[in-house]
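One structure, pasted below without further comment.
The values are calculated or read from the model by the stated rules, or taken from the named source; none is laboratory data. Predicted model, so just to flag it, every value in this text is computed and none were measured. In this analysis, Cβ positions are derived from the backbone assuming ideal geometry, glycine residues included, and neighbour counts consider all displayed protein chains. What goes into the accessible areas is simple: the full protein's heavy atoms, side chains included, and nothing from ligands, DNA or RNA. Shrake-Rupley method; radii C 1.70, N 1.55, O 1.52, S 1.80 Å.
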Amino acid sequence: MLAESIHNPEEYLAYSKQLLEGSGFLDNYPKIAIYYEELCTQFENVYNDPQQNPFLQWGKLLSIDAQIQILMELAEITQKDIISDFGMTEEEIIRMTRQDKDSFYREITGGNLHQQPRWGLIYLGEEYEKGSLHDV
């Protein structure tokens, strides 16, 4: 993905929507579909808020994006259906996604839950959720 090819949040979110719709994920799981739409709305609202400190804004966008990335991963690895594959209800999957967003980028970059996030823009979503850079 080239950043130069994305001009607005809708263009960025289009890929996740295409993947989740194409997999049948949004049709088969209505509560997750509502959650996903809420995430998209939040993403657009944060992106379009010119009053925010850019680092706070990026942190919020990364936190929302982590949740969308988790949903896309779940859609891609689901064999039969998410409920039977993971033994969880839609509500439990949503709760898990909200919780796992706090360490998503740390884990995909080789870290774990017991380590503090490294210093970098990609971890601002985690730091935003903790309250400040010093609370991590």
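Can you tell me which of 24-37, 57-70, 87-100 comes out highest on packing, and rank the rest after it, using the mean Cβ neighbours within 10 Å?
Details: 24-37: 16.4, 57-70: 20.9, 87-100: 14.5.
For the peptides 24-37, 57-70, 87-100, the packing ranking is 57-70, 24-37, 87-100.
Take the range 7-49, drop everything but the C-alpha atoms, weight them equally and run the Debye formula without solvent; then report log10 I(q)/I(0) at 0.29 Å⁻¹ to two decimals.
So the normalised log intensities are -1.01.
Another question, then. For the range 1-94, what does the convex hull of the Cα positions come to per residue, in cubic angstrom?
Details: hull volume 9.3 nm³, N = 94.
Hull volume normalised by residue count: 99 Å³.
Give me P(r) over the range 52-112, computed from all C-alpha to C-alpha distances, binned every 10 Å, as integer percentages.
Per 10 Å bin, starting at zero, the Cα-Cα P(r) for the range 52-112 comes out as 21, 46, 26, 7, 1 percent.
Ignoring ligands, DNA and RNA, what percent of the accessible area of the range 1-48 is carbon or sulfur (1.4 Å)?
Numbers: 1620 of 3020 Å².
After summing per-atom areas, the C and S share lands at 54 percent.
Once a ≥ b ≥ c are taken as the square roots of the eigenvalues of the Cα gyration tensor of the range 35-75, is the result rounded (a/c under 1.5), prolate (a/b larger than b/c) or oblate (a/b not larger than b/c)? Before the final figure, lay out the partial values.
Working: a/c = 4.43, a/b = 1.92, b/c = 2.31.
Oblate is the answer for the range 35-75, as a/c is 1.5 or above yet b/c matches or exceeds a/b.
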